[in-house]
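The values are calculated or read from the model by the stated rules, or taken from the named source; none is laboratory data. Bear in mind the structure is a predicted one, so any value in this text is a computation, not a measurement. As a convention, Cβ positions derive from the backbone with ideal geometry for all residues, glycine included, and neighbour counts pool all protein chains shown.
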Amino acid sequence: MVRNILKLGDETLRKISKPMAKFDLRLWLLLRDMADTMYKADGVGLAAPQVGILRRVVVIDVGDDHGLIELVNPEIIATEGEQAGSEGCLSVPGRRGYVVRPQKVTVRAQDRKGKFFEITGEDLLARALCHEIDHLDGIVYVDKMDHEIFDDEEENREES
């Protein structure tokens, strides 16, 4: 089921999400709905608060070998390097910002059955992991952006 994505200005996006304690059918349905919603909106990640659920649940698919990544109760345990670039958000449609993130990130999380695992991502996956985990703490990328990126700015940068 495709859910409604909350937009910047909705107070739910600014709240801290609670850990997921039950790994049951409700969680599995939430993960399915979040993935459906993310794909329908043509996104690369979605956090539960973006669909109005204040739980520490994230889905990501950056189109690489990892495929769909489901993270329950994720936490960043290591970062390395730095990357800067354009970032957007399904909750902030039509806008992009210049954001600095780690180049490489390792996250410890649980899967849909509660089993712990670690995942390490670089480049876009590292950016997506940081971005979505920020949502769980009530942080939106606009809080971290250096400046807004406008269409003509991106075109000028590509031509350089």
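A few points about this structure:
- For the range 134-145, the count of residues that are of a type in the set (D, E, K, R), under 22 Å from V92 (Cα atoms), buried (at least 17 other Cβ atoms within 10 Å of the Cβ) and at pLDDT 95 or above is nonzero.
- R55 meets each of the listed conditions (1) loosely packed, with under 14 Cβ neighbours inside 10 Å; (2) charged (D, E, K, R); (3) closer than 21 Å to G138 by Cα apart from (1).
- Filtering G81, G45, G67, G52 for residues that are touching an Asp or Glu at 6+ places or on another chain (Cβ under 7 Å), on the phi > 0 side of the Ramachandran plot and modelled with pLDDT of 95 or more leaves a single hit, G67.
So that you can scan it fast, the table gives a plain yes or no per residue for (1) under 12 Å from A128 (Cβ atoms); (2) under 14 Å from the mean Cα position of the chain (by Cα); (3) among the polar types (S, T, N, Q):
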position: P49; (1), (2), (3): no, yes, no
position: I69; (1), (2), (3): yes, yes, no
position: V72; (1), (2), (3): no, yes, no
position: I77; (1), (2), (3): no, no, no
position: P93; (1), (2), (3): no, no, no
position: V105; (1), (2), (3): yes, yes, no
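- Single residue of the range 86-119 satisfying the filter (surrounded by 15 or more Cβ atoms within 10 Å (Cβ to Cβ) and among the aliphatic types (A, V, I, L, M)) that is nearest to D146 (Cα to Cα): V99
- Output for the range 100-151, where each listed residue is assigned to a loop (DSSP other than H, G, I, E, B), closer than 19 Å to F23 by Cβ and touching a Leu at 6+ places or on another chain (Cβ under 8 Å): R112
- Of the strands (runs of 3 or more DSSP E) lying entirely inside the range 11-90, those containing at least 2 residues that are hydrophobic (A, V, I, L, M, F, W, C) span 45-47, 57-60, 69-80.
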